[in-house]
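I have placed the structure first, in the form of structure tokens, so that the comments after it can refer back to it.
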Amino acid sequence: MFVNTPPMGWNTWNTFGHNINEELVLKMVDLFVEKGYKDAGYEYVVIDDCWSGKERDETDRLVADREKFPHGMKYIGDYIHSKGLKFGMYSCAGTRTCANYPGSYEHEYIDAKTFAEWGVDLLKYDFCFYDGVDSKRSYLTMSMALRASGRDILFSACQWGMNNPAQWMRSVGAHMFRSTYDINDTYESQLDIITKQKNNFNGNAAGCFNDLDMLTVGMYGNGLVGRPTKMTFDEYEQQFAFWCFNGCPLMMGADLSKVDDDCLKLMQNKELIAINQDKECRPAYLFCENETRVKYALKYIRQLENNEFAIAIFNLHDNDVTDSLTFSQFGIPFVSGRNIDMKDIMTGEVFKEKHHEFQTVVKAHHFKIFRCKYSEV
Ligand code: GLA
């Protein structure tokens, strides 16, 4: 199975943790469609940990918790499919899942078959209770088991970035791989994830994508990975823009019934999603990193389809910065004689025929992205 562009969807974990059940999931599926996420390109509804019974059944198969999911998981899958969406599930490479439900260790083939029978389209595969388990071997085994299952199932490897998965997850068959520990709804967590990406992006391209974890956009402290939050809307904009600019999977984690209008519009922003889903699927190139004490302003170029490109500045400082882009830093020296047209994708403002240098103000904890093309000659 080949996945052309970063997967997009919603996952139960960030907000609901173990508090999941059939009614909740079906409600979220309805909201997914009604609130416009499906039309914006989101596709997968993923049920994370805590869906199963505490033990396997007498035939050694995974079974749904009967109280939480009285009609079983195929029923959920059928409902998701009836809305034109795709069904994601969760298991773990260890003997138990992170929340201590049965894991798939030494049950990979039987579990993959069960998931296929339920109509699963994506499997998130975690890495708790892994003592003595070789992670490369475990992920390879489940990926081979999914291939044998008779159904196309996107393999989402959640191994938290140990042993540099950007170097090998693609080769063992994953379609996306977590390169970080769990996100939570704080700017510190966002900063930690953003600043740890420097060596990961070349591992990010069509077929297998670098997963920065589920978005916390719109949570405002509400839910399992919420904390008494001080996240601002600017910070959520920076999070969504960073995930989009870098072509990472977009898995929402907020309660879709509580996302406010600003965050809804943000997560459905066409310009940002277009960059995320760009067909050329090229990773971004970090051309400048200004370090002041421990914090950074990161500047990237990302080449896009149709010979367009985008320039981004992510301001991780606590103050607004006036930044100047020197075009030679991203491959357009003065002697090229070429000018560019730049569109600020958030304001829509277009700057025509720019050359050599461009100054812009980037707010604290915020960003600027310019979608650019060469001006006509
Ligand atoms: C780990 C993963 C999370 C989530 C939980 C479930 O912490 O990294 O994304 O799946 O397990 O227990």
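The values are calculated or read from the model by the stated rules, or taken from the named source; none is laboratory data. Please read these numbers as outputs of a predicted model, since none were measured by experiment. Here Cβ is always computed from backbone atoms with ideal geometry, including for glycine, and neighbour counts include all displayed protein chains.
The residues of the range 129-148 that are closer than 25 Å to N210 by Cβ and either among the small types (G, A, S) or buried (at least 19 other Cβ atoms within 10 Å of the Cβ) (or both), listed by number, are Y130, S135, S138, Y139, T141, M142, S143, A145, L146. Is one or more of the residues making up the range 187-200 within 16 Å of the ligand (Cβ to nearest atom), among the hydroxyl-bearing types (S, T, Y) and over 29 Å from E34 (Cα atoms)? Taking every residue of the range 187-200 in turn, at least one turns out to be within 16 Å of the ligand (Cβ to nearest atom), among the hydroxyl-bearing types (S, T, Y) and over 29 Å from E34 (Cα atoms).
For the range 165-186, the candidate set comprises residues that are closer than 18 Å to D126 by Cβ and among the polar types (S, T, N, Q); within that set, the residue that is nearest to the ligand (Cβ to nearest atom) is T180.
Scanning the range 171-195 for residues that are within 14 Å of C248 (Cα to Cα) and of a type in the set (D, E, K, R) gives a single hit, R178. Note on the range 106-126: residues that are farther than 19 Å from P7 by Cβ, free of Cβ contacts under 8 Å to residues at least 40 places away in the same chain and either crowded, with 21+ Cβ neighbours inside 10 Å or within 15 Å of the ligand (Cβ to nearest atom) (or both) amount to 1. Any chance the range 287-301 includes a residue that's among the basic types (K, R) and at pLDDT 95 or above? No, every residue in the range 287-301 fails to be among the basic types (K, R) and at pLDDT 95 or above.
Looking only at the range 61-83, decide whether some residue is within 16 Å of the ligand (Cβ to nearest atom), part of a loop (DSSP other than H, G, I, E, B), within 24 Å of the chain's Cα centre (by Cα) and crowded, with 19+ Cβ neighbours inside 10 Å. No - not one qualifying residue is present in the range 61-83.
For M162, the criteria (1) surrounded by fewer than 16 Cβ atoms within 10 Å (Cβ to Cβ); (2) hydrophobic (A, V, I, L, M, F, W, C); (3) more than 16 Å from the ligand (Cβ to nearest atom) hold in every case but one, which is (3). Here are G253, G331, G348: which of them is free of Cβ contacts under 8 Å to residues at least 12 places away in the same chain and not aliphatic (A, V, I, L, M)? Residue meeting the stated conditions: G348. Residue under question is P333, and the condition is that it be closer than 14 Å to F245 by Cα and not small (G, A, S); does it hold? Against the criterion (closer than 14 Å to F245 by Cα and not small (G, A, S)), P333 does not qualify. For the range 84-121, the set of residues classified as assigned to a loop (DSSP other than H, G, I, E, B) and β-branched (V, I, T) consists of T95, T97, V120, listed by residue number. Among the candidates T326, T322, T347, the residue that is hydroxyl-bearing (S, T, Y), within 16 Å of I275 (Cα to Cα) and surrounded by fewer than 16 Cβ atoms within 10 Å (Cβ to Cβ) is uniquely T347.
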